[in-house]
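**Q** Below you'll find the structure I mean.
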Amino acid sequence: MSSLPILIVGSMAFDDLELPTGSFKDVVGGSATYGAYAATSFAPVRLVAVVGDDFPAAELSSLGARGADAAGVERAKGKTFRWAGRYSQNLSSRETLDTQLNVFADFSPKIPAEFQDSPLVLLGNIHPALQVRVLDQVSRPKLVVADTMNFWIEGEPAALAAMMKRVDLLVINEEEVRQLSGEHNIARAAAGVLKMGPKQLIVKRGEYGALLFDASGAFFAPAYPLEDVVDPTGAGDSFAGGLLGYLAEKGDVSPLALRKAIMVASACASFCVEAVGPARLAGLRRDEIATRLDAFRKLQDFGGGPLPLR
Ligand code: AMP
């Protein structure tokens, strides 16, 4: 059976990164870019984004070669969106140094007619009103997944509330869940967010993995304990891309498929952080993902059979 197509809407960007290993300028990035590179290991991607006239055609060709259809990538007059960030020495935190919206400032996503029947939709981190505008243009997807960030939680609470009522699965980080709910305890914070609209919530906890909360209960996926983490940029987006990629390949969005997908997502994120920018994801092979999933299984294998004390 062939994989279902995934509509991915988000940013395509140039990032300036200050990492413990050095400074890197004009690294191609953006939520849609990372999401698409991860998802194309599993399923065809339909990309919707905006770039300026300075964005390299080679990057779109590289995404195209992996199976991302860039028919929805608008090339506008002007400069591509830019983001600059500085990471702490241990990579556990980062600070945004600069955000230049450029062509993103006037962006209104237009979903090409041939993308409007997309069964799976990934709304990357963009203005929540734009995320809603995307949903207004698609017909009854099986699953809508959205990301957001502190910037919108603080600045656009009404638009964010409207967006959350329209999505099935929200994938955000721990701080954002706390901020959104006003609760510190993660289980309580998750319960609070689930009352705001989404039926499922994934809380990303960086090197401490990710937690899913849904009607079947809670599920935990570890992050792979890598010795060399180079650049965490895009880990969240490649997590979401891998997650939807797996669900698209299986054509299944059941609670069990979602639990398997989170392990795949965590594997994709672990590759993302191994290199600066999306370089590692751009050449990622399925057998490499499979090998890392074996390693994940080993991480939690303590012998099978009945649990100790049972
Ligand atoms: P992540 O590390 O998963 O949070 O994603 C990092 C990517 O998000 C970078 O490549 C940035 O270009 C992009 N990004 C940062 N801020 C924004 C924003 N306000 N809107 C859209 N994309 C952004």
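The values are calculated or read from the model by the stated rules, or taken from the named source; none is laboratory data. In this text the structure is predicted, and so the values were computed from the model without any measurement. No Cβ is skipped: glycine too gets one built from the backbone with ideal geometry, and neighbour counts run over all protein chains shown.
**Q** Would you list the strands (runs of 3 or more DSSP E) that sit entirely within region 3-45 and hold 2 or more residues that are touching a residue at least 12 places away in the same chain (Cβ under 8 Å), within 29 Å of Leu247 (Cα to Cα) and away from the ligand (no atom under 12 Å from the Cβ)?
**A** In region 3-45, the matching strands (runs of 3 or more DSSP E) lie at 6-9.
Yes or no, residue by residue, for (1) closer than 29 Å to Trp83 by Cα; (2) touching a Phe, Trp or Tyr at 6+ places or on another chain (Cβ under 6 Å); (3) modelled with pLDDT of 95 or more; (4) crowded, with 16+ Cβ neighbours inside 10 Å:
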residue: Val203; (1), (2), (3), (4): yes, no, yes, yes
residue: Leu211; (1), (2), (3), (4): yes, yes, yes, yes
residue: Ala218; (1), (2), (3), (4): no, no, yes, no
residue: Gly234; (1), (2), (3), (4): yes, yes, yes, yes
residue: Phe239; (1), (2), (3), (4): yes, no, yes, yes
residue: Lys250; (1), (2), (3), (4): no, no, yes, yes
residue: Ser266; (1), (2), (3), (4): yes, no, yes, yes
residue: Leu281; (1), (2), (3), (4): yes, yes, yes, yes
residue: Leu284; (1), (2), (3), (4): yes, yes, yes, yes
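**Q** Take the residues of region 286-310 that are closer than 25 Å to Arg205 by Cβ and of a type in the set (Asp, Glu): which is modelled with the lowest pLDDT?
**A** Asp301
**Q** Kindly provide the set of residues from region 212-269 that are more than 16 Å from the ligand (Cβ to nearest atom), part of a helix (DSSP H, G or I) and touching a Ser or Thr at 6+ places or on another chain (Cβ under 6 Å), ordered by number.
**A** Residues satisfying the conditions are Ala248, Glu249, Pro255.
**Q** Within region 64-106, track down each residue that is touching a residue at least 60 places away in the same chain (Cβ under 8 Å) and of a type in the set (Lys, Arg).
**A** Arg66, Arg82, Arg86, Arg94
**Q** If you go through region 289-310 one residue at a time, how many are assigned to a helix (DSSP H, G or I) and of a type in the set (Phe, Trp, Tyr)?
**A** Selection size over region 289-310: 1.
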